[in-house]
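Q: Here it is: the structure, laid out below.
The values are calculated or read from the model by the stated rules, or taken from the named source; none is laboratory data. Predicted model, so just to flag it, every value in this text is computed and none were measured. In this analysis, Cβ positions are derived from the backbone assuming ideal geometry, glycine residues included, and neighbour counts consider all displayed protein chains. Accessible surface is based on the protein model in full, side chains and every heavy atom, while ligands, DNA and RNA are left aside. Shrake-Rupley method; radii C 1.70, N 1.55, O 1.52, S 1.80 Å.
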Amino acid sequence: MVLLQPRLNLKVSQRQILTPGLVQMVSVLALNKLELKDMITAEMVENPVLEELEDTVPLIDDVGRREEERERASASEEAPATTPDKKDPFEEIDFGSFFKDYLDPGFRSPGDFEEIERPSFENFLSKPSTLTDHLVWQLGSISTRPAVREAAETVIGNLNEDGYLIASDEELLGIVPAAPPEVDAAKSDNVVKEAAALGLAALADELVEEAGPEAPPDIWDGSGVSDALLPVSNGTSAAATAPAVDLNAPAPPAKKGSSPVPQVRFNQEDLKEAIEIVRQLDPPGVACRDLRECLLRQLHFHQAHLGNNGNGTAQVLNDAVALVDQHLRALQNKQYKEIARALGRPIEAVQPALDYIRTLDPRPGLRYNIVQPRLIEPDVALVKHGDEWLVMMNDDDVPTLRLNPAYRKLLTRDGNDRDTRNYVKERFKSAIQLIKNIEQRKQTILKVCYSIVTRQRDFLEKGIDELKPMMIKEVAEEIGVHPSTVSRAVANKYAHTPQGVFELRYFFSESVNGPEGGNTSLLILKRRVKKLIEDEDPSKPLTDEQITRILQSQGIQVTRRTVAKYREDMKIPSTHQRRVKK
């Protein structure tokens, strides 16, 4: 039998521990100018030893010195004793109150004597309305049953920023848990890619550049008819003929880490009716499941309002509805002859309908979900002075810190207790460490920027086509720091150059293999691929293999897979989708 008893064991280990000062130095280095200002302001509020050095505002110790001098001067002078003048009793009478109490001709209620604290004017400032606010405001003017209204509010709350209803009926009814955010983001990306294949004009300036080279979406094959477009009678959607969901069936157990299943007070019929009500609200095309439904909703809305103009618009709208409803995939692949043959219409009628479709909004929710622009303030400026390039830190608005000498006296004053001296000493150490870290951040950024200027002089003088490949490791070895330090120094920081404002990380990119590609940046290679595609013949677009051969003839060794990857990064359709048949 083994008895449990305490034992003493010695163990030798070696660990790397970051001190608080080192942790603060790492965090300060990664801050940009705006974040640094907020951090310094918060530190000055927390640490009384720190104060801002300004020429227009007197310092605390200066004010205290002047007060001491004033007190000494007043103490040294002996003021003659003077007897106070006798006040006139007539001046002590408050005649204003007398006339107000006895000569007021009107009646005053008790509320007139109360001082009402009025709300701040900031409470009346308007804020931009979102898509949810706009839809809820319209829903308030519609008379519906409570269950349908609750279902409609649930539908509105589950719309993404583009205005699409990406949640399934089972998720809205609380039968299954909500899908993870990655699935919803993938659905939104598919809608964007399908709209880009159609060449919709409203999407030209809204494509996100952050999207990586993901797999192409499964484009809808054009089969079936949308239930949302069928007429609705007796307050029930015609889509109610879909397979019913057993609401009495027990909900499946939620997986570990999944979202909880909400409890709702409406059934499937209420949900179908609520979806149809929301789809009838402004903007047209909201609360649809996919791009096809969204475009069809907008076309039907235009038919109801513009179909009777008598100037050929009705026929164009009918052709556009047929294109979107039955031949969306062929339209994305630019198979105009096949579409005209299937519709029994001349090929000249396909182009006006396509032009009308391209005026539709594939993301109707963005009309109200306006993304506020992000403020960018350059941290450094690269300026040419004569034949020499200078790096100037943009620290005009950054507060200059100094230590308050008044607190230094508390350390040497005998009347203070130990706790007071320890507190002031701790605050002094923290303040000195912060000032050192801010100065070290400045010196590190300057060293990195001077290294960038040395390597990218042609870019600064001639333009973006002269951008040279540059690695973070190379700059780190040049200035004698770790690569992670350079990575933090260029993170979220921008530089003002003669060519424009660029993020510091923009200057770092890998080089391309090849005799002439050793000095070619990947960004320049993408620009070459885009230039070749822009100059191609639309009837005979270049394939990825042809683009690869052209680049290899220029001394740049790339593969077809690499060219396809860069093309997808730039949201450029494939060769089949770019081909325009004449």
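Q: Once the Cα gyration tensor of region 427-582 is diagonalised, what are the square roots of 5 times its eigenvalues, in whole Å and ordered largest first, as equivalent ellipsoid semi-axes? Walk me through the intermediate numbers first.
A: On the way: eigenvalues 327, 51, 37 Å².
Whole-Å semi-axes of the equivalent ellipsoid: 40, 16, 14.
Q: Return the distance in nm (one decimal) between the two label points of a simple spin-label model at Thr130 and Glu377, each offset 7 Å from Cα along Cα→Cβ.
A: 2.7
Q: On to the next question. Hey, could you pull the Cα Rg and Dmax for region 534-582, both in Å?
A: Expressed in Å, the Cα Rg and Dmax of region 534-582 come to 11.1, 35.
Q: Cα-Cα over 28 Å: which of Lys187/Lys473; Lys384/Lys493; Lys384/Lys447?
A: Values: Lys187/Lys473 38 Å; Lys384/Lys493 20 Å; Lys384/Lys447 17 Å.
Pairs exceeding 28 Å: Lys187/Lys473.
Q: If each residue of separation counts as 0.36 nm, what is the full-extension length gain between Arg579 and Ile17 once their alpha-carbon separation is subtracted? Intermediate results must be reported in sequence, preceding the final value.
A: Working: separation 562, 0.36 × 562 = 202.32 nm, distance 6.03 nm.
Length gained between Arg579 and Ile17: 196.3 nm.
Q: Next up: Tell me, what is the 1.4 Å probe accessible area of Met44, in Å² to the nearest 10?
A: Roughly 40 Å² of Met44 is accessible to a 1.4 Å probe.
Q: Figure the gain on full extension for Ile435 and Ser553 (residue separation times 0.36 nm, minus the Cα-Cα span) and round it to one decimal in nm. Can you show the working numbers first?
A: Details: separation 118, 0.36 × 118 = 42.48 nm, distance 5.54 nm.
Result for the pair: 36.9 nm of gain on full extension.
Q: Quote the FRET efficiency, to the nearest 0.05, computed for Lys531 versus Glu71 with a Förster distance R0 of 51 Å and r equal to the Cβ-Cβ distance.
A: With a Förster radius of 51 Å, E is 0.05.
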